[in-house]
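Undergrad: Structure in structure tokens, see below.
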Amino acid sequence: MSEKHMLKGRSLLTLNDLSDEEMLWLVDFSAELKKRRLAGVRGDLLRRLNLAMVFEKNSTRTRCAAAVAAADEGGRTEYLSSRETHLGKKESVADTAQVLGRMFDGIFFRGFKQQTVKLLAEHSGVPVWNGLTDEAHPTQILADLLTIKEFFGTLAGLKVAYVGDGRNNVANSLMTGCAKAGVDYVNGTPVELAPDEALVNRCREIARGNGSSVNVVYDPLEAVAGANVVYTDVWVSMGEEDQQDERIRLLKPFQVNMELMKATGNLEQGKVIFLHCLPAFHDKNTDVSRDSGPLEVTDDVFCAPWSKVFDEAENRMHTIKAMFVATLTGVTEV
Ligand code: CP
Ligand code: NVA
């Protein structure tokens with residue numbers, strides 16, 4: 001039995017819950033589902049399946065991607081905001097997990113602690129998917145890998161430079177995903193925001209097995225040299241809002257602007273794209289950036305033709321759909 005058939009019943013709490021081959025297969029399966037949807041097919045791969053969406057933090061993309069992915073294929077989602085449920089307040093996570101597991105076919109969780117999503121998986125008896133915690137954002141990286149592969153036609157051998165808050169959830173999962181895909185990964189970040197050393201070492205080992213590398217550097221220009229993908233994220237993640245001033249001070253030199261994109265050496269040859277998981281502060285049209293102007297990325301980069309941020313956002317839906325179908329039904333071909 002090939003590895004791809006073994007995802008049924010499995011959870012996705014970090015990308016390391018998938019073998020390298022399973023992760024790459026899931027990206028390719030997403031591309032198949034995308035083709036199918038663009039051809040106008042709305043099927044019944046998730047027919048009559050009920051998915052609980054337990055969300056402690058806000059979301060636009062992840063929530064909508066899951067809702068549309070399920071509805072497209074005949075399933076349905078129930079949104080449970082932590083403000084309106086007992087989870088972790090009047091009821092332990094383990095008890096809530098058991099209740100949800102007796103009613104729902106799967107649980108999509110977004111929140112703070114990795115331990116919460118772990119407990120949901122341990123006690124619910126159904127597949128649990130991590131839709132972002134403080135530590136990891138695995139479903140985001142599936143979409144990122146699909147977006148990169150769509151543009152370059154390949155993953156292994158490319159170089160991804162992540163520039164910004166080097167120890168947040170997206171940076172952690174991107175490092176893991178690149179290592180598993182055989183993509184060279186460089187994290188350009190201030191020393192104060194360097195990623196966890198143990199995680200870096202684990203990713204280095206995985207990358208070595210796939211013929212690629214993982215590096216952390218403290219100079220943004222050095223980070224992006226030769227990059228095919230320049231990736232950034234907000235400087236202040238959800239739950240860290242009180243650190244805004246300090247983050248702006250530390251990360252200003254790491255802003256992704258035209259000068260940094262040119263420093264890849266790949267802009268003129270069309271061999272570099274810009275990615276951002278979104279939401280982004282690239283202009284003055286948000287509450288946060290109204291006075292400051294662009295933060296982690298400038299508007300000219302964000303709006304450039306080689307910025308693939310909206311393909312990336314769309315791909316959240318196709319990749320989340322693939323994850324639902326593979327882990328709930330075991331279907332591997334469409
Ligand atoms: N990229 C992402 O997770 O977006 P949302 O916070 O809108 O879900
Ligand atoms: N690092 C960001 C990602 C948002 C999708 C956050 O956690 O807020």
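The values are calculated or read from the model by the stated rules, or taken from the named source; none is laboratory data. What you see is a predicted model; the values in this text were computed from it and never measured. Cβ sites come from the backbone with ideal geometry, for glycine too, and all protein chains shown count toward neighbours.
Undergrad: In segment 144-173, how many residues are among the hydrophobic types (A, V, I, L, M, F, W, C), more than 17 Å from Trp25 (Cα to Cα) and buried (at least 21 other Cβ atoms within 10 Å of the Cβ)?
TA: 6
Undergrad: Still on this structure, I have one more. Within segment 252-297, count every residue that is small (Gly, Ala, Ser), on the phi < 0 side of the Ramachandran plot and surrounded by fewer than 17 Cβ atoms within 10 Å (Cβ to Cβ).
TA: 2
Undergrad: Please go through (1) more than 17 Å from the chain's Cα centre (by Cα); (2) under 20 Å from His137 (Cα atoms) for Asp105 and return the number of the only condition it doesn't satisfy.
TA: In the conditions (1) more than 17 Å from the chain's Cα centre (by Cα); (2) under 20 Å from His137 (Cα atoms), Asp105 misses (2) alone.
Undergrad: When the residues of segment 220-243 are narrowed to those that are polar (S, T, N, Q) and touching a residue at least 40 places away in the same chain (Cβ under 8 Å), which ends up farthest from ligand 2 (Cβ to nearest atom)?
TA: Filtering first and then ranking leaves Asn228.
Undergrad: What residue, among those in segment 299-313 that are farther than 17 Å from Asn257 by Cβ and in contact with a helix residue (DSSP H, G or I) (Cβ under 7 Å, 6 or more places away or on another chain), is surrounded by the most Cβ atoms within 10 Å (Cβ to Cβ)?
TA: For segment 299-313, the residue satisfying everything is Glu312.
Undergrad: Being within 27 Å of Ala66 (Cα to Cα), within 16 Å of ligand 2 (Cβ to nearest atom) and touching a helix residue (DSSP H, G or I) at 6+ places or on another chain (Cβ under 6 Å) narrows it down to one of Ala171, Ala143, Ala179, so name that one.
TA: Ala143
Undergrad: Spot the failing condition for Tyr162; the list is (1) within 23 Å of Leu251 (Cα to Cα); (2) under 15 Å from the mean Cα position of the chain (by Cα); (3) not in a strand (DSSP E or B), and only one is missed.
TA: Tyr162 satisfies every listed condition except (3).
Undergrad: Something else now. Can Ser11 be described as modelled with pLDDT under 95, touching a strand residue (DSSP E or B) at 6+ places or on another chain (Cβ under 8 Å) and of a type outside the set (Asp, Glu)?
TA: Working: modelled with pLDDT under 95: no; touching a strand residue (DSSP E or B) at 6+ places or on another chain (Cβ under 8 Å): yes; of a type outside the set (Asp, Glu): yes.
So Ser11 does not fit the description; no.
Undergrad: Of all residues in segment 82-133, which are more than 19 Å from Thr329 (Cα to Cα), within 16 Å of ligand 1 (Cβ to nearest atom) and touching a strand residue (DSSP E or B) at 6+ places or on another chain (Cβ under 6 Å)?
TA: Within segment 82-133, Phe109, Arg110, Val117, Gly131, Leu132 qualify.
Undergrad: Pick out the one residue from Thr264, Thr232 that is at pLDDT 95 or above and in contact with a His (Cβ under 9 Å, 6 or more places away or on another chain).
TA: Thr232
Undergrad: Right, next: Within segment 117-137, is there a residue that is within 14 Å of ligand 2 (Cβ to nearest atom), closer than 21 Å to Val27 by Cβ and among the aliphatic types (A, V, I, L, M)?
TA: Yes: one or more hits.
Conditions tested, residue by residue: (1) under 26 Å from Val68 (Cβ atoms); (2) within 23 Å of the chain's Cα centre (by Cα); (3) more than 16 Å from ligand 2 (Cβ to nearest atom); (4) at pLDDT below 95.
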residue	(1), (2), (3), (4)
Lys252	no, no, yes, no
Glu259	no, no, yes, no
Lys284	no, no, yes, yes
Asp287	no, no, no, yes
Thr298	no, yes, yes, no
Arg316	yes, yes, no, no
Thr327	yes, yes, yes, no
Gly330	yes, yes, yes, yes
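Undergrad: Residues to consider are Phe302, Phe254; find the one that is among the aromatic types (Phe, Trp, Tyr), touching a residue at least 60 places away in the same chain (Cβ under 8 Å) and in contact with a strand residue (DSSP E or B) (Cβ under 9 Å, 6 or more places away or on another chain). Show your work before the answer.
TA: Values: Phe302 fails: touching a residue at least 60 places away in the same chain (Cβ under 8 Å).
So the residue among Phe302, Phe254 that is among the aromatic types (Phe, Trp, Tyr), touching a residue at least 60 places away in the same chain (Cβ under 8 Å) and in contact with a strand residue (DSSP E or B) (Cβ under 9 Å, 6 or more places away or on another chain) is Phe254.
Undergrad: Determine which member of the set Leu275, Leu260, Leu251 is of a type in the set (A, V, I, L, M) and within 16 Å of ligand 1 (Cβ to nearest atom).
TA: Checking each option against the conditions leaves just Leu275.
Undergrad: Would you mind telling me which numbered condition in (1) more than 16 Å from ligand 1 (Cβ to nearest atom); (2) touching a helix residue (DSSP H, G or I) at 6+ places or on another chain (Cβ under 9 Å); (3) small (Gly, Ala, Ser) Ser289 fails?
TA: Result: Ser289 fails condition (2) only.
Undergrad: Please tell me if Arg167 is more than 19 Å from the chain's Cα centre (by Cα) and free of Cβ contacts under 8 Å to residues at least 40 places away in the same chain.
TA: The answer is no for Arg167.
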